[in-house]
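First the structure, in the form of structure tokens, and then the observations on it.
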Amino acid sequence: MVANEVAKNWILLNNEIMIKHEDEFSLHKDKEAVRAYFLEYVNKNTVFFYTLKEKIDYLIEHDYYINFYEWFTFEEMETVYNFVFSKKFRFASFMAAFKFFQNYALRDDSGEKFLERYEDRVVAVALFLARHEGIDKAISYAELFINQEYQPATPTFLNAGKKRSGELVSCFLDEIGDNLNGIGYAVDSAMKLSSIGGGVSFNISKIRARGEAIKGVEGRAGGVLPIMKIMEDTFSYANQLGQRPGAGAVYLNIFHADIEEFLDCKKINVDEKVRIKSLSIGIIIPDKFMELAEKDEACYLIYPHTVMLEYGIPLDEMDMDKMYEELITNPNIKKKKINARHMLVKVAQTQKESGYPYIFYKENTNRVHALNGIGKVKFSNLCTEIMQVSEVSEINIYGEEDHIKYGISCNLGSLNIATVMDNKRVKECVKLAMRALTMVSDVTDIKMVPSIAKANKELHSVGLGAMKPTWVLSKKLYHV
């Protein structure tokens with residue numbers, strides 16, 4: 001009962017922000033909520049240590065932290081801690097503090113007690129990233145983080161320095177081949193990648209459409225929707241020790257014959273057997289489709305398995321500017337006629353209802369991306385921000401060699417542009433952020449998903465974005 005009353009106190013204070021006095025919101029209530037949250041909950045549930053050395057030793061000896069003594073002396077670590085605490089960081093809002101302690105702060109094995117404050121997490125990440133570069137680099141990283149000039153991706157900030165942790169990488173993408181081995185590989189990959197904290201996106205455009213042939217028998221294929229259902233359940237089941245829920249997305253080429261039911265799965269009033277609730281969806285739009293819509297010409301949705309049988313090339317890897325007319329005039333290619341403009345209206349209506357689908361313009365990307373000599377970009381991720389080369393792996397039966405191709409592994413981080421500009425540290429922050437991302441890429445080796453490991457090992461992709469972290473809301477900090 002006491003715990004409920006405590007929770008009620010700081011939640012109510014936070015809600016009272018919306019109460020107006022003389023037409024002004026009660027913003028001071030947010031500060032009161034933060035104080036109540038710390039005094040009545042966080043402080044009472046944080047493990048107390050008499051000295052910093054006692055704390056570091058305890059965390060290492062009980063397998064909470066990696067053994068930082070392999071790279072730093074206690075005096076060096078103490079220097080970083082002192083530097084970070086001298087900054088007198090304070091959370092800018094109740095939601096900022098709540099987000100950190102609910103999702104990021106290290107807890108004991110019972111899950112009831114906190115072992116870290118925000119400053120502790122900053123130091124752990126800084127020490128981890130600088131462990132081969134010395135204490136000066138650790139201080140530089142710590143300054144970057146505590147100033148809130150740069151925010152590593154969630155898996156990096158959550159896991160760096162922890163002994164029992166997931167990976168440091170944010171985003172993974174891969175393609176699904178049109179056979180049970182390929183589908184099984186994708187589901188297995190989704191479960192493993194989700195369990196280590198990554199968001200995962202799959203290109204399902206190669207999957208045969210509903211009603212296509214299996215082993216020459218027409219009408220047997222279930223289409224993309226059953227695979228989406230499996231993926232949704234997979235991401236729901238495989239989360240990172242309960243700290244971070246699984247997150248997945250699937251992309252489908254707009255010329256794929258299942259595109260209409262693919263969009264319908266996000267309708268609020270659709271049958272529950274069809275509805276996809278938590279899995280994100282995106283569509284891949286080649287230039288040819290937009291040309292048909294612009295000219296108000298008929299558009300044909302194509303059954304991909306018939307394309308593969310006829311040409312030996314997946315539909316989504318074809319240049320539709322060159323192949324579209326041939327495909328729709330070839331009697332061996334199964335297709336159905338729609339109105340391109342009506343399809344765009346359907347996309348817009350679905351977005352209005354659900355926020356989905358994401359839209360990826362394929363040719364726009366491939367005209368400018370830097371690795372045209374290696375391959376093509378075919379789809380994107382949960383946020384439509386990653387555009388990298390990918391190839392579908394050939395997963396064979398026992399006794400036959402698999403041919404592992406490029407998945408996508410991308411290490412992400414974000415600059416807080418406003419703070420970086422205010423501090424006049426653009427050059428330093430960009431350099432440090434890129435070095436931090438490189439370090440994450442260098443230490444990442446996700447062998448349990450070979451296509452992802454191959455992509456990271458050979459391409460070492462990183463992404464430095466520009467946004468405000470979700471829990472950095474104001475530069476006007478106050479003391480708790």
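Computed from the coordinates by the stated procedures, all read-outs in this text should not be read as laboratory data. Just so it is clear, the structure is predicted and the values come from calculations on it, not from any experiment. Note: ideal-geometry Cβ built from the backbone for every residue, glycine included; neighbour counts use all protein chains shown.
Report the relative contact order of segment 177-391, percent, no decimals, based on alpha-carbon pairs under 8 angstrom and at least 6 residues apart.
Relative contact order for segment 177-391 comes out at 20 percent.
If eta is 1.567 mPa s and T is 4 °C, what Stokes-Einstein diffusion coefficient results for segment 191-270, Kirkwood Rh from Cα pairs, in µm²/s?
Roughly 94 µm²/s, to the nearest whole number.
Going down the table (192/346; 215/362; 137/163; 215/334), which pairs top 26 Å between alpha carbons?
Beyond 26 Å between Cα atoms: 192/346; 215/362.
Charges on Cβ only, +1 for Lys and Arg, -1 for Asp and Glu, centred on the Cα centroid of segment 330-371; of 360, 350, 331, which one is farthest towards the dipole's positive end?
Result: 331, furthest along the dipole toward the positive end.
Quick check on my link table: of 53/447; 206/288; 162/424; 20/266; 295/322, which ones sit more than 29 Å apart, alpha carbon to alpha carbon?
Too far apart for the 29 Å limit: 53/447; 162/424; 20/266.
Match the structure shown to one of the listed values (i) 54; (ii) 51; (iii) 61 of percent of Cα pairs over 27 Å apart, computed from it, and give that label.
(iii)
Along its three principal axes, how long is segment 177-391 when you only count alpha carbons? Whole Å, largest extent first please.
52, 42, 36
For segment 323-429, take N as its residue count and report Rg(C-alpha) divided by 2.2 N^0.38 Å.
That works out to 1.59 for segment 323-429.
What residues have an amide H closer than 5 Å to that of residue 465, excluding those fewer than 5 places away on the same chain, when H is modeled at 1.01 Å from N in the peptide plane?
413, 414, 415
For segment 12-53, which GluC sites (Glu not before Pro) pass both filters: DSSP loop (anything but H, G, I, E, B) and at most 15 other C-beta atoms within 10 Å?
Numbers: sites: 16, 22, 24, 32, 40; in loops: 22.
Passing sites in segment 12-53 are 22.
In whole Hz and in residue order, list the ³J(HN,Hα) couplings for segment 332-338 that follow from phi through the Karplus curve 6.51 cos²θ - 1.76 cosθ + 1.60, θ = phi - 60°; x for Gly and Pro.
Each residue's phi maps through the Karplus curve to give 7, 9, 7, 7, 9, 9, 9 Hz.
Please tell me the relative contact order of the chain in percent, rounded to the nearest whole number, where contacts are Cα pairs under 8 Å and at least six residues apart.
16 percent
Using only alpha carbon pairs under 8 Å that are at least six residues apart, calculate the relative contact order of segment 27-166 and give it in whole percent.
30 percent
Divide by every residue of the chain the summed helix terms, -39500 (n - 2.57) for each DSSP H run of at least 4, and state the resulting mean residue ellipticity at 222 nm, rounded to the nearest 500 deg cm²/dmol.
Helices in the chain give a 222 nm mean residue ellipticity of -13000 deg cm²/dmol.
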